[in-house]
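The values are calculated or read from the model by the stated rules, or taken from the named source; none is laboratory data. In this text the structure is predicted, and so the values were computed from the model without any measurement. Cβ placement follows ideal geometry from the backbone for every residue including glycine, while neighbour counts extend to all protein chains displayed.
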Amino acid sequence: MKEKIGNIVLLFTFTFVLFNIAFSQDADKMMKLRLAQNFEEADEWERAVTLYEELYKSEPANYIFLDGLRRSYTQLKEYDKAIGIIRRWFITHPRDSNLMTTLGGLYYDSGNETVADSVWRVVLSLDPNNVQSYRIVANEMMQHRLYEQCIRTYIDGRTMSKSEVLFADELGTLYAALQQYTSATQEYLRLVKKNPDQLSFVQSRLSAFILKPEALRAASEIVKAEVKISSDNIALHRLYVWLLMEERRYDSALEHYRIIDRLTNANGSELFNFAQQLNQEHASAAASEAFKEIIDRFDKSGLLPYARFGYARALEELSNEADTLAPKSQPTYRDAIQIYESIAASQDHPDLAVQSLFRIGIIKFEKLFDLDGALSAFNKIKEFPNTMNILYDAAIKNGEVQIARNDLVGARKEFERIAELPLVVYQDQAVFKLAELNYFEAQFDTSLSLLKRFDTNLDTDLTNDALQLQYFIQENKTSSLPALIEFAKADLQMRQRKYPESLSRFRDIVKQYPTTLLIDDAMMKIGELHLKLKQTNEAIAAFRFIADSIQLSILKDRAQFRIAEISENVLHNKVLAITAYEKLLEQFPNSLYAEQARKRIRLLRGDGV
């Protein structure tokens, strides 16, 4: 009995010792492995290879040790050593296709391209029906920038699988990288034709390269040809419309959306959604045509009142474009107002009625300067229940109308009422308007006190406007208070569209206070006023004076940009506009307007965006 117990104790002790030795050895290996990996991350490959060699020697069947040593040899360009350890691995793992693919890459790196190609062919022959093998080999080729061979491998895999869409995404990406945009588009078309649900994915892939004009043209032509072949394929029509929108060919896009509406039996709903999109893209002419078609063809549809509102919005935008580019062209704001009034008179859609009244107020105030008409429209909104935000928007506009009427007391009451609302977005707008009002009245300290609210606000357009006004007052209040007072009065007159009076006052400021810091601001106002009075040459002269003659002005680049804009949009002189934009880029390469100037130059030259 004692002998048995002794044997058991001896066996246990022996096992414990072996376990501790094994554990100690494993712990030592793990420490070396972590250290080797740390050396890899630090790009200290000589130190990493020493540790990996020790680990590999101790356990040549351990793939982790083998692969770490292979990576280290590769980084040190010791390709023969890397090839040697992999070939030894094949003695016990003859069909390891992953490592065999890596071996092909090593042969290629060592300069033996023929052997590399042979190795990759062997990998594919081991299991010719395995799609994954083609993917692995192609990825290795891709890492070595063997794009043409990579393409052939993917195509061979597709042929083997008899799947028309296999590797379409990979091939599309490769073709696009090689600037073979026609082939790239054809690959992505395979996906759409096979599965229409892939449309969004395909659009995201195409969007990566159609920023180039030649790529966009190629994609558009290929999809157009495919649409002719498969004229009932809705997904192809949608894809083609998307490309047409990218090309800004809105009329052609609308034509295809008519087809989509018909193919889907949408009874105008597809056309309506597209018209809404056109409005958002400011493609007002095509939008108006689409909305008008819905009104004429689907007069029993529940979409009719919304289509009429959309049509009025499109006419409003068209009128705005006409106002800017060709004042005598049609349509007019009156056309839009007439539709809005008919919508507002209906009791069926109070939401549209309120929006229509708001649009009437905006047009009458901002476009026609019919102040009484604007007030009437804004005030009618109060007659509708549950108007909420749009009522507050109208109240802000009401205050602005009061300023234009020179009723500053009435404006103040309106803004103070809005400032007490629990909604921060409207509080901010009202406080800024009150700060402006105090500025107009030369109450600069009060204005600055109100503007402090925006010191910690997020970067929004309203915050930027507030900070600019704050900086302007602070800069000029102590250095030239009389000039600032006159400037505020002239600014108020400009806001009230008393353009001749405002222009005269700004000119007086320039004459009486020629050394003040606000002289360039006054000249900017003079330029804008000349433009509003249709005195184009005088406007350009004012802006040029800032750009060329006021040496320390921070508005020089802005003035030069305005010269370019006037040349483009008012004089319609491409040569002058391009020259002006180029001058801005030459003299002010770091200007905030530089990128926009480059974009305008490309468009004017017909290079695309």
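The residue that is modelled with the highest pLDDT, counting only those in region 314-326 that are within 25 Å of the chain's Cα centre (by Cα) and among the charged types (D, E, K, R), is Glu317. Put simply, of Lys525, Lys532, Lys556, Lys599 the only residue that is closer than 27 Å to Ala483 by Cβ and exposed (fewer than 15 other Cβ atoms within 10 Å of the Cβ) is Lys532. Of all residues in region 417-444, those that are on the phi > 0 side of the Ramachandran plot have Cβ atoms under 7 Å from Cβ atoms of residues that are crowded, with 19+ Cβ neighbours inside 10 Å, 6 or more apart or on another chain, in Ala442/Ala488. Region 164-257 holds helices (runs of 4 or more DSSP H) entirely within its bounds, and those carrying 1 or more residues that are under 20 Å from the mean Cα position of the chain (by Cα) map to 199-206, 213-229, 234-246. Screening Ser342 with (1) at pLDDT below 95; (2) of a type in the set (Ser, Thr, Tyr); (3) surrounded by fewer than 17 Cβ atoms within 10 Å (Cβ to Cβ) gives one miss only, at (1).
Residues checked against (1) assigned by TED's automatic domain parsing to the domain that holds Ser284; (2) more than 23 Å from Ser163 (Cβ to Cβ); (3) without any contact (Cβ under 8 Å) to a residue 24 or more places away in the chain:
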position: Lys193; (1), (2), (3): no, no, no
position: Asp197; (1), (2), (3): no, no, yes
position: Ser200; (1), (2), (3): no, no, yes
position: Ser204; (1), (2), (3): no, no, yes
position: Leu211; (1), (2), (3): no, yes, no
position: Glu214; (1), (2), (3): no, yes, no
position: Ala219; (1), (2), (3): no, yes, no
position: Ile229; (1), (2), (3): no, no, yes
position: Ala235; (1), (2), (3): no, no, no
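Per-residue answers, yes or no, for (1) part of a loop (DSSP other than H, G, I, E, B); (2) under 17 Å from Gln596 (Cβ atoms); (3) at pLDDT below 95:
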position	(1), (2), (3)
Glu538	no, no, no
Phe543	no, yes, no
Ile546	no, no, no
Leu552	yes, no, yes
Asp557	no, yes, no
Gln560	no, yes, no
Ile563	no, yes, no
Ile566	no, yes, no
Ala577	no, yes, no
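Beta carbons closer than 9 Å, at least 6 apart along the sequence or on distinct chains, pair a first residue in region 564-593 that is of a type in the set (Lys, Arg) with a second that is surrounded by 13 or more Cβ atoms within 10 Å (Cβ to Cβ) for Lys574/Ser567; Lys574/Glu568; Lys574/Leu604; Lys583/Ala547; Lys583/Gln560; Lys583/Ile563; Lys583/Ala564. Just one of the listed residues (Ala266, Ala307, Ala336) is under 29 Å from the mean Cα position of the chain (by Cα) and small (Gly, Ala, Ser), namely Ala307. Residues of region 76-92 that are closer than 22 Å to Lys29 by Cβ and surrounded by 15 or more Cβ atoms within 10 Å (Cβ to Cβ): Lys81, Ala82, Ile85, Ile86, Trp89. Once region 566-591 is narrowed to residues that are surrounded by 17 or more Cβ atoms within 10 Å (Cβ to Cβ) and of a type in the set (Val, Ile, Thr), the residue that is nearest to Ser553 (Cα to Cα) is Ile566. Residue selection: Leu171 fails the criterion of being over 30 Å from Glu113 (Cα atoms) and either at pLDDT 95 or above or not β-branched (Val, Ile, Thr) (or both).
When the test is whether a residue is small (Gly, Ala, Ser) and touching a Leu at 6+ places or on another chain (Cβ under 7 Å), Gly157 passes it.
If you go through region 495-518 and keep only what is buried (at least 19 other Cβ atoms within 10 Å of the Cβ) and either more than 20 Å from Ala547 (Cα to Cα) or touching a residue at least 24 places away in the same chain (Cβ under 8 Å) (or both), you end up with Ser502, Leu503, Arg505, Ile509, Tyr513, Thr516, Leu518. If the condition is being in contact (Cβ under 8 Å) with a residue 40 or more places away in the chain and crowded, with 19+ Cβ neighbours inside 10 Å, then region 362-394 contributes only Ile363.
Of (1) under 27 Å from Lys498 (Cα atoms); (2) loosely packed, with under 14 Cβ neighbours inside 10 Å; (3) in contact (Cβ under 8 Å) with a residue 12 or more places away in the chain, Asn537 satisfies all except one. Which? If we test Asn537 against (1) under 27 Å from Lys498 (Cα atoms); (2) loosely packed, with under 14 Cβ neighbours inside 10 Å; (3) in contact (Cβ under 8 Å) with a residue 12 or more places away in the chain, just (3) comes out false.
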